[in-house]
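Here is the structure we will look at, set down as structure tokens.
The values are calculated or read from the model by the stated rules, or taken from the named source; none is laboratory data. Every value quoted in this text rests on a predicted model; they were computed, and no experiment measured them. Here Cβ is always computed from backbone atoms with ideal geometry, including for glycine, and neighbour counts include all displayed protein chains.
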Amino acid sequence: MARADWWSFIAAFFAATHRVVALSWAGMGGSRWREQYSVETMSDEAMTVALATGLFESERKPVLVTHSFGAFASLLCAQRHGVRLGGVLTLDMPLLSRAQREARRGPTLRSVFAQRPTRVYPSLTDALARFRFAPEQPCENLFIADHIARTSLKEVPLIDGMCRTWRFDPRVSQMHPGDPARSLFGAVCPVAMAWGADSALVTPEVAAHGLSVAAPGTPRIAIPGARHHLMVDQPLALVSALRGLLQAWPSRN
């Protein structure tokens, strides 16, 4: 489960030209776990963080950049709070049609985490050795995977010492995505969509479905050589794509 540090090596490229804020959704970072989670709560968290960090004080409205499941929350922001936003950019968002959902039936993160407790590891080495991306994929930039894994762990006490476990709450995986297609169709701010050209989740057919729901003229970017985790697979290509997009989009009017 991703958290703010997944963006730490991307956000730095924009720090000299933009006011940049990265947030961890509740149950995925350093905050306490909630009793229950929802896309509506995630949307409220994003807007609250933007307010608390002064993003609405600028002459230009803030742009939300979100990845995977987080994109569903950002679309809800675009629908409910879009008048306060400059735009929303989704990255490798698996927005499936009904037929595509039926075709992909099988084990999901929700079912996997529902069947097992949070794992603990006696040492940092043991925990790092178990780190996997979801969905699993090869990774050429192992130094990025190491950074992400280390920042995704926390220490917890045991009777005979300390051990490590993941920061995320497994119950986050039980969250329903809501109705992202309706949110995308009802967005009241510009929306752009990008995905990994080699993504196992956002295939050309899935990307085409998402674009069919979006407004005509929605910017679209396929990142060459990137799988689902674009910021890990092709970080510099992602930075270049973001820079190019933000120079002309959204409109400055």
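Filter region 115-171 down to residues that are of a type in the set (Gly, Ala, Ser) and part of a loop (DSSP other than H, G, I, E, B) and give me whichever is modelled with the lowest pLDDT.
Ala134
Can you report the number of residues in region 198-209 which are in contact with a helix residue (DSSP H, G or I) (Cβ under 9 Å, 6 or more places away or on another chain), in a loop (DSSP other than H, G, I, E, B) and either closer than 13 Å to Thr90 by Cβ or touching a residue at least 12 places away in the same chain (Cβ under 8 Å) (or both)?
Final tally of qualifying residues: 3.
Let's see how each residue does on (1) in contact (Cβ under 8 Å) with a residue 60 or more places away in the chain; (2) closer than 16 Å to Glu140 by Cβ:
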residue	(1), (2)
Trp195	yes, no
Leu211	no, no
Ile221	no, no
Gln234	no, yes
Ala248	no, no
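Restricting to region 162-174, count the residues that are under 15 Å from the mean Cα position of the chain (by Cα) and surrounded by fewer than 20 Cβ atoms within 10 Å (Cβ to Cβ).
1
Do we find that Val39 is buried (at least 18 other Cβ atoms within 10 Å of the Cβ), among the hydrophobic types (A, V, I, L, M, F, W, C), within 28 Å of Arg227 (Cβ to Cβ) and in contact with a Pro (Cβ under 9 Å, 6 or more places away or on another chain) in this structure?
Considered against the rule, which asks whether it is buried (at least 18 other Cβ atoms within 10 Å of the Cβ), among the hydrophobic types (A, V, I, L, M, F, W, C), within 28 Å of Arg227 (Cβ to Cβ) and in contact with a Pro (Cβ under 9 Å, 6 or more places away or on another chain), Val39 comes out as yes.
Restricting attention to region 214-231, which residues are more than 16 Å from Gly244 (Cβ to Cβ), surrounded by fewer than 18 Cβ atoms within 10 Å (Cβ to Cβ) and hydrophobic (A, V, I, L, M, F, W, C)?
Across region 214-231, the qualifying residue is only Ala215.
What are the residues in region 175-195 that are over 30 Å from Gln247 (Cβ atoms) and more than 16 Å from the chain's Cα centre (by Cα), if any?
Asp179, Arg182
Among the residues of region 4-59, write down those that are in a helix (DSSP H, G or I), among the aliphatic types (A, V, I, L, M), closer than 21 Å to His81 by Cβ and without any contact (Cβ under 8 Å) to a residue 12 or more places away in the chain.
Answer for region 4-59, where residues must be in a helix (DSSP H, G or I), among the aliphatic types (A, V, I, L, M), closer than 21 Å to His81 by Cβ and without any contact (Cβ under 8 Å) to a residue 12 or more places away in the chain: Leu51, Ala52.
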